[in-house]
Amino acid sequence: MLIYKILRPAEWKQWQVEGTFEGTPLDQADGFVHCSTREQVPGTIDRFFNGETGLVLVTLDADELAKHVEWENDFPHIYAALTLEDVVEATPYEQ
């Protein structure tokens with residue numbers, strides 16, 4: 001199953017430069033990387049990124065990351081740092 005991490009352009013660029021991603025400040029405060037299913041993406045964007053442009057939708061394979069993924073309140077949360085090898089694709093988010 002594919003899951004998605006929504007990032008601001010600077011966050012995605014930082015991941016590309018560093019090669020690993022330990023989460024946004026919100027993720028780090030909560031202790032896990034917040035992700036969404038495809039169906040949840042629009043609601044997540046409305047709630048946390050309202051009015052922002054240039055967002056990047058990073059696609060991850062939940063099956064490949066299964067030992068680190070916990071489903072809580074129907075949302076996938078990743079309890080591990082991510083690498084660029086974990087990325088299936090990264091595309092601009094089109095509303």
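Each value in this text was obtained by applying a stated rule to the coordinates, not by laboratory testing. It should be emphasised that the depicted structure is a prediction, and the values quoted were computed from it without experimental measurement. Please note: Cβ atoms are built from the backbone with ideal geometry, for glycine as well, and neighbour counts cover all protein chains shown.
Before moving on, here are some points about what is shown:
- Cα-centre dipole for region 9-51 with unit charges at Cβ (Lys and Arg positive, Asp and Glu negative), debye to 20: 140
- Answer label, with semi-axes √(5λ) of the Cα gyration tensor in Å calculated from the coordinates and candidates (1) 34, 16, 11; (2) 18, 16, 13; (3) 44, 21, 15: (2)
- Between ASP63 and PHE49, full extension at 0.36 nm per residue minus the direct alpha carbon distance yields a gain of 2.4 nm.
- Residue order, fewest to most beta carbons within 10 Å, for TYR4, TYR79: TYR79, TYR4
- Each Lys and Arg Cβ is given +1 and each Asp and Glu Cβ -1; about its Cα centre, the chain then shows a dipole of about 240 debye.
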